[in-house]
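Written below as structure tokens is the structure these notes are about.
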Amino acid sequence: MTVLRCTAKLRKRLKQPAKPPEPEAQANPLGEWYADIDFWRRQPFVVMLNAATGAVPVLPGNAAGLRRLHEHALLQFAAICEHVGLRGAGVDAELHGFDAGFSYATTRDRSLLASLNQRKFGFWLALEHSDRPMPETAAQDWNSLFKHPALGRNERYNMEYHRPLDLLRQRLMPAADVLPFNRAAAPASR
């Protein structure tokens, strides 16, 4: 099971209590997710944001979509992971957490809510000015930038922002699957 921290607006549409009990920590590799619902041209959509990596799926927010929210999240997350080349036990464990359903809770991190609002605004713009479907727009967002105080500085680029795709690779792929390139061992070219 995956903890999904929803805004009050989304909890109301999901018919969840206004003050749900605090769920136990789950064992999925990416931890908690945040979610909010919004509308584009009267069509509801749900934006989910992973608290640890900034990865974002965008899902249908109509009544049928909300009833099967965990299934839509599982399918879109699996499709995007396959598209960007993320495979392995970590991805399977996260998908297993989606398959088990969501444990709903209230939001508690204002920084993540601000990031969620930025993502929603970005999706409004993408939906308004491009013909790409929501899953493709979400996949493109995995190459954007994400900032959270708990992450600290990105030593690779010497800034406070991180790419969600890099963070996902760190969390979901075992170190043995990511082979480092050793310049000393590389054959010299003539």
Please specify each residue of the range 26-79 satisfying the condition of being over 11 Å from the mean Cα position of the chain (by Cα) and on the phi > 0 side of the Ramachandran plot.
Arg41, Arg42
In the range 154-163, is there at least one residue being closer than 26 Å to Leu112 by Cβ, surrounded by 17 or more Cβ atoms within 10 Å (Cβ to Cβ), of a type in the set (D, E, K, R) and at pLDDT 90 or above?
yes
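Could you please let me know if Leu10 is free of Cβ contacts under 8 Å to residues at least 60 places away in the same chain, of a type in the set (A, V, I, L, M, F, W, C) and farther than 14 Å from Ala138 by Cβ? Give the steps one after another, and end with the answer.
Details: free of Cβ contacts under 8 Å to residues at least 60 places away in the same chain: yes; of a type in the set (A, V, I, L, M, F, W, C): yes; farther than 14 Å from Ala138 by Cβ: yes.
Considered against the rule, which asks whether it is free of Cβ contacts under 8 Å to residues at least 60 places away in the same chain, of a type in the set (A, V, I, L, M, F, W, C) and farther than 14 Å from Ala138 by Cβ, Leu10 comes out as yes.
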Could you tell me whether any residue of the range 86-93 is over 12 Å from the mean Cα position of the chain (by Cα), assigned to a loop (DSSP other than H, G, I, E, B), closer than 26 Å to Leu145 by Cα and of a type in the set (A, V, I, L, M)?
yes
Among residues belonging to the range 80-113 that are without any contact (Cβ under 8 Å) to a residue 60 or more places away in the chain and under 22 Å from Glu22 (Cβ atoms), point out the one that is surrounded by the fewest Cβ atoms within 10 Å (Cβ to Cβ).
Arg110
One residue is enough: does the range 130-139 have a residue meeting the conditions in contact with a His (Cβ under 8 Å, 6 or more places away or on another chain), outside any loop (DSSP other than H, G, I, E, B) and not small (Gly, Ala, Ser)?
no
When you check Asp166 against the structure, is it under 18 Å from Leu86 (Cβ atoms), out of contact with any Asp or Glu (no Cβ under 9 Å at 6 or more places or on another chain) and at pLDDT 80 or above, yes or no?
yes
Would it be correct to say that Ala89 is closer than 26 Å to Arg169 by Cβ, hydrophobic (A, V, I, L, M, F, W, C) and touching a strand residue (DSSP E or B) at 6+ places or on another chain (Cβ under 8 Å)?
no
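The values are calculated or read from the model by the stated rules, or taken from the named source; none is laboratory data. Just so you know, these numbers come straight off a predicted model, no measurement behind them. No Cβ is skipped: glycine too gets one built from the backbone with ideal geometry, and neighbour counts run over all protein chains shown.
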